[in-house]
Amino acid sequence: MVSVEVVRGDITAENVDAIVNAANSSLRGGGGVDGAIHRAAGPRLAEAGGALAPCPPGAAVATPAFDLDPPIRHVIHTVGPVWHGGTRGEPELLASCYRASLRVADELGARSVAFPAISTGVYGYPPDAAARIAVDTVLTTPTEVERVRLVAFGADTYELLSAALRSRTE
Ligand code: ADP
């Protein structure tokens, strides 16, 4: 049974086997959490990502973590949906990001994984709905991962993820 924690901070400083990147389909880096991960991992991350691109929304692929500090060994790149009002399959695609990332983590043998709040930045997904999908999906996906950390960069995301987790576990 996976244990899920909500924490606040910078995902590149997490003490886990694998961190998930909210990437774009080029897998060569971008802004937000993607930029932070690429800066911390160094230029080899874009080379390795580019070789696996394009990655469609809802899918996930892994690269090494390069210059990121141990114990982080893997970066799992997933591409969230861009929010278009919710009628273009966005909820299913967002859930798929969490499921596909956990499947990749299982293939890598990662036992602890940190996720950012996928799609809630420039991709515009409403953060409350995104928080519920994040929590529901990690709690209901069969996985060998033992520890999932949902990493909020800001206070609002932290509150939304915490509330979603409380409502699922109380
Ligand atoms: P997307 O394109 O999927 O919307 P963003 O990177 O724009 O991705 O935003 C996703 C979430 O990641 C936002 O909640 C943003 O505040 C958060 N974020 C930005 N930088 C970091 C970081 N260093 N660690 C964790 N989360 C971050």
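Rolling a 1.4 angstrom probe over the protein heavy atoms with all chains in place gives segment 3-169 an accessible area of 44 Å² per residue. Based on Cα contacts under 8 Å between residues 6+ apart, segment 3-169 shows a relative contact order of 30 percent. Per-residue ellipticity at 222 nm computed for the chain from its helices equals -12500 deg cm²/dmol, with DSSP H segments shorter than 4 residues left out and the rest contributing -39,500 (n - 2.57). Listed values for segment 62-72 are Karplus-derived 3J(HN,Hα) couplings in whole Hz (6.51 cos²θ - 1.76 cosθ + 1.60, θ = phi - 60°), namely 10, 10, x, 8, 6, 7, 5, 6, x, x, 5, and x replaces Gly and Pro.
Taken over the C-alpha atoms, the chain has Rg and Dmax values of 14.3, 44 angstrom. Taken one residue at a time, the phi angles of segment 14-24 give Karplus couplings (6.51, -1.76, 1.60, θ = phi - 60°) of 6, 9, 9, 6, 9, 10, 9, 9, 7, 8, 10 Hz. Gly and Pro are set to x. Scalar couplings 3J(HN,Hα) for segment 90-95, obtained by applying the Karplus form with A = 6.51, B = -1.76, C = 1.60 to θ = phi - 60°, are 4, x, 5, 5, 5, 4 Hz; x denotes Gly and Pro.
The values are calculated or read from the model by the stated rules, or taken from the named source; none is laboratory data. Here the structure is a predicted model, which means the values were calculated and not measured. Side chains are part of the model used for accessible areas, which takes the heavy atoms of the whole protein and leaves out ligands, DNA and RNA. Shrake-Rupley method; radii C 1.70, N 1.55, O 1.52, S 1.80 Å.
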